[in-house]
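First the structure, in the form of structure tokens, and then the observations on it.
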Amino acid sequence: MLHLGVDGGGTGCRARLCAPDGTVLGEGRGGPANLRFGVAEALDAVAEAARHALAAAGLGEGDLARVAAGLGLAGASEPALATAAAAHPHPYGAVAIATDAGIACLGAHAGGDGGIVIVGTGTIAWAVIGGREHRIGGWGYPLSDEGSGAWIGAEALRRTLWAHDGRGPRTPLVEAVFDRFGGDPHGIVAFMTGAKPRDFGGLAPLVVDRAGAGDPLAVAIMQDAGAHVDALARRLVELGAGRIALSGGLSGPIGPFLADETRRHLVPARGDALDGAVALARSLAGPDRAAPEGR
């Protein structure tokens with residue numbers, strides 16, 4: 001069977017199709033794949049990415065029946081959602097569901113012990129120590145995921161409204177945020193009413209750019225985000241994960257805002273989440289599970 005690995009996050013998902021010997025045959029992308037916002041919708045996005053990966057390999061949708069699929073999905077850390085995703089009709093010959101953090105940790109440490117902090121649309125810390133999994137955070141925005149893209153974007157909106165009220169400084173970041181909403185605070189309220197985490201996260205690059213230009217408000221938001229990531233890393237160390245990798249779209253920008261203590265434990269990832277997902281898919285062919293299923 002061919003091996004398909006999928007990394008499904010809150011902003012989008014990536015798929016990688018490999019031959020049994022590990023040769024990459026094709027890759028593809030799909031839409032958001034967070035189970036919290038609809039199991040069917042997330043799995044449709046996964047199927048879209050899978051079809052693109054097969055097309056890149058010169059294969060068609062009918063070939064999915066000979067694919068073993070390892071799916072790492074945001075939201076699969078919730079037992080009910082992982083169960084629903086596993087029970088959903090799948091076109092693959094075999095399928096295993098895991099958390100996106102689980103496959104990222106597997107890929108980062110090539111199946112060995114270690115921890116990972118994912119800083120993307122959401123945030124979560126994950127570790128495997130002596131065969132046991134540990135999960136910190138990642139309970140879902142707005143109650144959790146501090147320091148994430150969604151959190152950073154929401155902070156930018158909050159500080160912009162403070163500035164409008166005269167309760168905070170009116171910096172270039174505030175002006176840029178206001179420009180996106182036509183200078184109307186009620187536009188921000190209308191946006192907020194139906195916004196999902198990825199929508200808030202869409203403002204994070206603006207904060208990162210303004211912080212790089214020295215905007216004091218943007219720098220303060222990024223410093224606060226870094227402190228939240230420090231807290232996740234600190235807990236991993238307390239649990240025994242002395243080697244921690246960073247992952248996610250904001251793992252680079254957050255680096256300068258991390259504490260020295262956090263940096264002392266950081267190691268380069270040996271592989272990415274797709275490597276972990278492919279390893280999960282490969283494990284379906286044998287008796288040993290290479291990664292935990294979603295829980």
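The values are calculated or read from the model by the stated rules, or taken from the named source; none is laboratory data. Predicted model, so just to flag it, every value in this text is computed and none were measured. Note that we place each Cβ from the backbone using ideal geometry, even for glycine, and neighbour counts take in every protein chain shown. We work out accessible area using only protein heavy atoms, side chains counted, and drop any ligands, DNA or RNA first. Shrake-Rupley method; radii C 1.70, N 1.55, O 1.52, S 1.80 Å.
Observations, loosely collected:
- For ALA110 and ARG264, the FRET efficiency from 1/(1 + (r/R0)^6), where r spans their Cβ atoms and R0 equals 22 Å, is about 0.55.
- 0 to 90° range, to nearest 10: angle between helix 149-165 axis and the chain longest Cα axis: 20
- Approximate spin-label separation HIS164-THR193, in nm, with each point projected 7 Å along Cα-to-Cβ: 1.4
- Normalised by the number of residues in the stretch 153-272, the average gap of Cα pairs under 8 Å and 6 or more apart makes the relative contact order 22 percent.
- Relative contact order of the stretch 1-55, pairs being alpha-carbon contacts under 8 Å that are 6 or more residues apart, as %: 35
- The overall shape of the stretch 66-159, judged from the alpha-carbon gyration tensor, is oblate: a/c is not under 1.5, and a/b is no greater than b/c.
- Degrees, to the nearest 10: 273-283 long Cα axis against longest axis of the chain: 20
- From phi via Karplus (6.51, -1.76, 1.60), per-residue ³J(HN,Hα) for the stretch 219-235 in Hz, x at Gly/Pro: 4, 4, 5, 5, 5, 5, 4, x, 5, 5, 5, 4, 5, 5, 5, 4, 5
- Å² of accessible area per residue within the chain, as computed with a 1.4 Å probe and no ligands counted: 42
- Computed [θ] at 222 nm, deg cm²/dmol, the chain (DSSP H ≥ 4; -39,500 (n - 2.57); rounded to nearest 500): -13500 deg cm²/dmol
- Multiplying the residue separation of ALA227 and PHE181 by 0.36 nm and removing their Cα-Cα distance gives an extension gain of 13.7 nm.
- Under-5 Å amide H pairs with ALA245, H placed in peptide plane, nonlocal only: GLY115, ILE116, VAL117, VAL267
- Value of relative contact order over the chain, rounded to a whole percent, pairs C-alpha under 8 Å and six or more apart: 23
- Measuring only protein heavy atoms, the 1.4 Å probe finds VAL237 accessible over about 50 Å².
- Full-stretch length increase - ALA56, ILE129 - with 0.36 nm per residue and alpha-carbon distance subtracted: 22.6 nm
- Entry for the stretch 1-122 at q = 0.13, 0.22 Å⁻¹: log10 I(q)/I(0) = -0.46, -1.28, Debye formula applied to identical alpha-carbon scatterers, no solvent contribution.
- For the chain, the longest principal axis of the Cα atoms and the long axis of helix 39-56 meet at an angle of about 70 degrees.
- Share of carbon and sulfur in the accessible heavy-atom surface of the stretch 85-128 [1.4 Å probe, %]: 59
- In sequence order, the stretch 129-141 has phi-based couplings of 9, x, x, 9, 8, 9, 10, 10, x, x, 7, x, 6 Hz under the Karplus curve 6.51 cos²θ - 1.76 cosθ + 1.60, θ = phi - 60°, and Gly or Pro positions carry x.
- Most simply put, the chain has about 55% antiparallel DSSP beta bridges, counting only bridges with both residues inside it.
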